[in-house]
1. How many of the residues making up region B:259-287 are surrounded by fewer than 19 Cβ atoms within 10 Å (Cβ to Cβ) and at the interface with chain A (Cβ under 8 Å from one of its Cβ atoms)?
2. Has region A:222-233 got at least one residue that is at pLDDT below 90, touching a helix residue (DSSP H, G or I) at 6+ places or on another chain (Cβ under 8 Å), over 30 Å from residue A:29 (Cα atoms) and in a strand (DSSP E or B)?
3. When you scan region A:111-129, how many residues do you find that are in contact with a helix residue (DSSP H, G or I) (Cβ under 9 Å, 6 or more places away or on another chain) and either free of Cβ contacts under 8 Å to residues at least 12 places away in the same chain or under 23 Å from residue A:73 (Cβ atoms) (or both)?
4. So, of the residues in region B:151-199 that are touching a helix residue (DSSP H, G or I) at 6+ places or on another chain (Cβ under 9 Å) and in a helix (DSSP H, G or I), which turns out to be farthest from residue B:101 (Cα to Cα)?
5. Do any helices (runs of 4 or more DSSP H) lying entirely in region B:1-87 carry at least 1 residues that are more than 14 Å from chain A (Cβ to nearest Cβ) and farther than 30 Å from residue B:136 by Cβ, and which ones are they?
6. Only one of (1) away from every other protein chain (no Cβ under 14 Å); (2) surrounded by fewer than 24 Cβ atoms within 10 Å (Cβ to Cβ); (3) modelled with pLDDT of 95 or more fails for residue B:323. Which number is that?
7. For the structure I just gave you, tell me whether residue B:443 is within 14 Å of chain A (Cβ to nearest Cβ) and either crowded, with 19+ Cβ neighbours inside 10 Å or part of a loop (DSSP other than H, G, I, E, B) (or both).
8. Picking from B:31, B:68, which residue would you name as being modelled with pLDDT of 95 or more, surrounded by 20 or more Cβ atoms within 10 Å (Cβ to Cβ) and out of contact with any strand residue (DSSP E or B) (no Cβ under 7 Å at 6 or more places or on another chain)?
């Protein structure tokens, strides 16, 4: 059973169609990244899943329970973007407050709060008022409140916003540790490199629609494009090579070729070897997630689901 | 658990703004001043002696009729022991009252019967049963009427259920025997010395009781200080609770919890009530305790002002919460709550005014009907003032006669408890239900 499941989710806001039939599914133990431009519908989707926004049409379930039912949120933690923890709280009192609202009893809260405060690196500031915190400290406390009741699902909206590079690494490590504990994480982030590093699967949402979805590896792979480098100049062989490939581009120290399939690639390699050319390197061509993302958001027709 | 968490959160919010602390400090000052008030102790014999001059006044009001010249004497004041047939007065006091000249006393009784239940300014210049020149009694009163007069004067001065027996007419003099139950002199009208700030200022008060003074102070504290100023400060201090809760970035953290939204709204509403529960409780219980220690009056009626004030605030805070929810503005919540309060108070006052006997208003007039209708269907905030006074009067043992006497003929408070709690409670429930519905339906 998927942990998060949406089916043809639609949301209209006074003449604006924020979601146009979003269907996705997240399995247990996955870190799922949701990418999209501002206004693409990411936050609306997360808010529908957490019951903050009512869908116009379609269905969504969390842990098998329809969203909107408070029971669906029993095992869910949420770190909203631009969250505002009441500034009259200290880290300890805020965690005690949110823990209580999440159904934790006093004994469990008393045991869990010091652990979490230490985990997010606020040990020395646990009793200080939130209003004295830096943005990064507030973000760490936000993470702690999302995890106070040890939920099975975490929704994190820009979790490293305002956090320094060392802190970001710590957050990433924490996400990986949560995943290893079997938790499912739904991550909204603009930091594509970060998503690339931790997410198992990614969806790119644009204008209220999921344009692409799949594993990071699948999304960034370019089918049958290879970069080759050689010990000697390849120029004399180029005319003959062009007849054997779909396309060819010179690069510094070699060439980049596109072929129909692996058989054609092997035929090219055989030709090069038989021509006495020493091949010093060959790599499969890959895009960065950023390139994929930009490709999707710049081209309205670019889309599809990658298995 | 979540409920207590929300209450604690609201308390923390109040403390952080220092509004709660400031009100508690101000309350402490009031409690200190109340504790500094000293009340001179009277002996029962002194109070009874004081009555001598009060019998000469017409029953039903404070002022004597200048054309009637009755004189009274008091004698044989003695404690009542275990006497057969007088068990209910055991431990009390008995005394004799003599009234003379008989004809003047009879005039006073006839006149008192004629003005009974009327206000001072309605008193007639002449009454049936007395000649127009006030020299002759045309219809002498019965002995029961004469005993009634003595009893009425005693009740006016707060003697509870005195028994008056006519001993007889001795020449030009009527003689009565009065039996009093055991009563603290704190409840009886008599002159005593009031001091403030532990004796820094002193006043000699006459024709009033310690209970009257305690009632006046407590009614001012509960009705004016807490009931108006305190409630206004509480409305201002708590108006931001709901708008703060639903501001972007904060509401997300709450709505993502496994709780229905209506519960969050109601819990936060209750969090606002805790502000008044604490401050009103501290002021009322604290001042009650110190005044009880100093005056010896431990009647618990004043304590009822605590829940009544919380109820009063709860009604106004339901308006504030709904407006705060709909507009997200604490300023709008404060202004509209204050306007609601003002309008309801005006309607409440208008209702009392149009029904005052001396107002002489046609009860079928359209304005009267409109006021009656508005009063019947709208929250009875004005009645809470009356309720606070009434509960104290009852508990402080201040009778209707005595209250009319000390308040210059003012009306004893009347409260329709069922309507007060029923109509006001129904409005509160409706406003909160509307708030819950809106909060549950809205996208955040």
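The values are calculated or read from the model by the stated rules, or taken from the named source; none is laboratory data. Quick caveat, the model's predicted, so the values are computed rather than measured. Quick reminder, even Gly has a Cβ in these numbers, built from the backbone with ideal geometry, and neighbours come from all protein chains shown.
1. Going through region B:259-287 one residue at a time, the tally reaches 1.
2. There is at least one residue in region A:222-233 that is at pLDDT below 90, touching a helix residue (DSSP H, G or I) at 6+ places or on another chain (Cβ under 8 Å), over 30 Å from residue A:29 (Cα atoms) and in a strand (DSSP E or B).
3. Qualifying residue count for the region: 6.
4. B:186
5. Qualifying helices (runs of 4 or more DSSP H): B:19-35, B:44-54.
6. Answer for residue B:323: the failing condition is (2).
7. yes
8. B:31
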